[in-house]
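Reading through the structure tokens given below for one structure.
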Amino acid sequence: DAMVIQNPRYQVTQFGKPVTLSCSQTLNHNVMYWYQQKSSQAPKLLFHYYDKDFNNEADTPDNFQSRRPNTSFCFLDIRSPGLGDAAMYLCATRDGGGPHRVEAFFGQGTRLTVV
Amino acid sequence: DAKTTQPTSMDCAEGRAANLPCNHSTISGNEYVYWYRQIHSQGPQYIIHGLKNNETNEMASLIITEDRKSSTLILPHATLRDTAVYYCIVQNRDDKIIFGKGTRLHILP
């Protein structure tokens, strides 16, 4: 019973052609994250939402954008993918703001190939 | 930036306890220690977390030193399925989850 679902699992896009990755959750969590993970590296936080408040990491390129139309869905848009953007993209959710510290739930990721 | 230091890799024999250390010498009073692991080609998976006291669940135990500057994750009876990268993360009240480089744990048959 997947709770954080990323579609598709594998995505091939052309150099410079916009691509959108999607993430949905059934947990009703108010915090959602997007990470980029390149081969043999740790996940790197791109941005996160706390409810509808968008928090961009300082070193996230402008080429990466995000949308969160409602609690359940979050999208990662790469406006002009370059070869260096080939990576695994991970979505995660968390029930933030409560009195107790709780863990994050990750999706299985979307592996993006740029050709 | 990640606030933790972990060994790059470790080996453990199947059936033995795997003890994974983590240094977090700059941890502050309201920051929790979390452990996640990532099996190859999957998303990270939560293992355990703690603030001051030692914690145990069905997956692992977490031992936090009294000064809270370091901790150890213990997998009591490692199996081949425990081969993964283990991440120790210090998290404060903001919602960011920043990964360090982690420890690549190899369970040897």
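Of the GluC sites (Glu not before Pro) found in the range B:48-109, those that fall in a DSSP loop while having at most 13 other beta-carbon atoms within 10 Å are B:Glu58, B:Glu66. These residues, B:Ile98, A:Ile78, go from largest to smallest accessible area, 1.4 Å probe, as B:Ile98, A:Ile78.
For A:Asp51, the solvent-accessible surface with a 1.4 Å probe is about 80 Å², rounded to the nearest 10.
Based on Cα contacts under 8 Å between residues 6+ apart, chain A shows a relative contact order of 38 percent.
With both labels modelled 7 Å from their Cα along Cα-to-Cβ, the B:Arg81 to B:Thr26 distance reads 3.8 nm. Legend note: in chain B, cysteines whose Cβ sits 4.7 Å or more from every other cysteine Cβ are B:Cys12. Only Cα pairs under 8 Å and 6+ residues apart enter the sum, and on that basis the relative contact order of chain B stands at 39 percent. Just to confirm a number: summing +1 for Lys and Arg and -1 for Asp and Glu over residues other than B:His106 whose beta-carbon lies under 11 angstrom from that of B:His106, what do you get? Residues close to B:His106 contribute a combined charge of -2. Label sites at A:Ala86 and B:Glu14, each approximated as a point 7 angstrom past Cα along Cα to Cβ, lie 3.5 nm apart.
Kindly give Rg over Rh for the range A:21-72, based on alpha-carbon atoms, with the Kirkwood expression for the hydrodynamic radius.
Numbers: Rg = 11.6 Å, Rh = 12.0 Å.
Here the Rg-to-Rh quotient is 0.97.
Counting only lysines at least 8 places from A:Lys38 when in the same chain, those with an alpha carbon closer than 29 Å to its own are A:Lys17, A:Lys52, B:Lys3, B:Lys96, B:Lys101.
Qualifying chymotrypsin sites (Phe, Trp or Tyr not before Pro) in the range A:8-79, where qualification requires a DSSP coil assignment and no more than 13 other C-beta atoms within 10 Å, comprise A:Phe15.
Carbon-plus-sulfur fraction of the accessible area of the protein assembly as shown, 1.4 Å probe, in percent?
Values: 5490 of 11380 Å².
Carbon and sulfur: 48 percent of the exposed surface of the protein assembly as shown.
Quick one: Kirkwood hydrodynamic radius for the protein assembly as shown, alpha-carbon pairs, angstrom, one decimal?
On the way: mean 1/r = 0.0551 Å⁻¹.
After inverting the mean inverse Cα-Cα distance, the result is 18.1 Å.
Only protein heavy atoms count here; under a 1.4 Å probe, B:Ile39 has an accessible surface of about 50 Å².
Can you tell me the alpha carbon radius of gyration of the range B:1-89 divided by the globular rule-of-thumb value 2.2 N^0.38 Å?
Numbers: Rg = 12.6 Å, N = 89, 2.2 N^0.38 = 12.1 Å.
Rounded to two decimals, the normalised Rg is 1.04.
Remark: C-alpha extents of chain A on the principal axes read 45, 32, 29 Å, sorted largest to smallest.
The values are calculated or read from the model by the stated rules, or taken from the named source; none is laboratory data. Please read all numbers here as calculations on a predicted model, not as lab measurements. FYI the Cβ positions are ideal-geometry reconstructions off the backbone, even for glycines, and counts take in every protein chain you see. Calculation scope for accessible area: heavy atoms of the full protein, side chains included, ligands and nucleic acids excluded. Shrake-Rupley method; radii C 1.70, N 1.55, O 1.52, S 1.80 Å.
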